[in-house]
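Computed from the coordinates by the stated procedures, all read-outs in this text should not be read as laboratory data. On a predicted model such as this, the values are computed, not experimentally measured, just so you know. Note that each Cβ is placed from the backbone with ideal geometry, even for glycine, and that neighbours are counted across all protein chains shown.
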């Protein structure tokens, strides 16, 4: 029998519960909270992936699934893995901690253990998610989303609210966002769908692609191409930078902007009529489009630059 220590902290009292895992090599834990809409789930774990889905109820449900090919390793893991739940009004806090040295886990246990947090929240709710050892995914949601991981990808569905995401070991994807997107990764590509707000994106290990942005955009990568479509007039400067590929920006015909483009690794092409400024060069382009406006700053040392007209 596997036993896990779980602390449930409530405003008035503390309840200690021992939970038995089901089966010899699999375990599962679940807990539910009545919260209402508009609260915040804060989930912080040393280990495991996080998957969040929504429904039309006023419940937050947190489940943890454990799988292992080695029953002894699973028992050892349970002895050192503590989970704390706390509810404060509409807010729920979950903290999962591996109490031994994390090097012990990654060195001798991690390859035998899979931990997955599967969560359901009201469709209008806020999320603050953090894991040191897995990917994070969030389905359709109305609310503010913050997510970070040191060891996996970040995947967001259709989010009606701002997104902040950071990972050191995977890609980032956003289906769509009605709000600002601020994402960073050191180890993968970034792909964003339709964003109804400003974008800030950074990666050192892949390309960046944006289906459409209705706002300003500031993106940079050291390891791949950059492409984006700007469909409405930005009110702030836009920046595109890469050291490892070309840049393609598609813009609506009526957008007004100043161009400052330079490449060390290719040519520059534009479909937009430009009033040129300064010297004419094959790898430098400066001027105004439709009388000028916010700056369109483009820099690459590893490819060409193309200012494309939206069809």
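Points worth noting:
- Value at 222 nm in deg cm²/dmol, rounded to 500, when DSSP H runs of n ≥ 4 in the chain each add -39,500 (n - 2.57): -1000 deg cm²/dmol
- Nitroxide proxy distance, nm - points 7 Å out along Cα→Cβ at residue 99 and residue 275: 7.2 nm
- In terms of other Cβ atoms within 10 Å, 311, 142 run from fewest to most in the order 311, 142.
- Share of pairwise Cα-Cα distances greater than 21 Å in the stretch 179-311 is 34 percent (whole percent).
- Theoretical gain in end-to-end length, residue 290 to residue 200 [0.36 nm per residue, Cα-Cα removed]: 29.8 nm
- What the Cβ-Cβ distance of residue 158 and residue 283 gives, at R0 = 41 Å and to the nearest 0.05, is a FRET efficiency of 0.55.
- Stretching residue 116 away from residue 256 to a fully extended chain increases their span by 45.6 nm, per 0.36 nm per residue minus the current alpha-carbon distance.
- Cα-Cα separations in the stretch 40-189 greater than 26 Å, expressed as whole percent: 25 percent
- Highest-fluctuation residue, 164, 242, 221 considered, GNM on the chain with Cα pairs under 10 Å: 164
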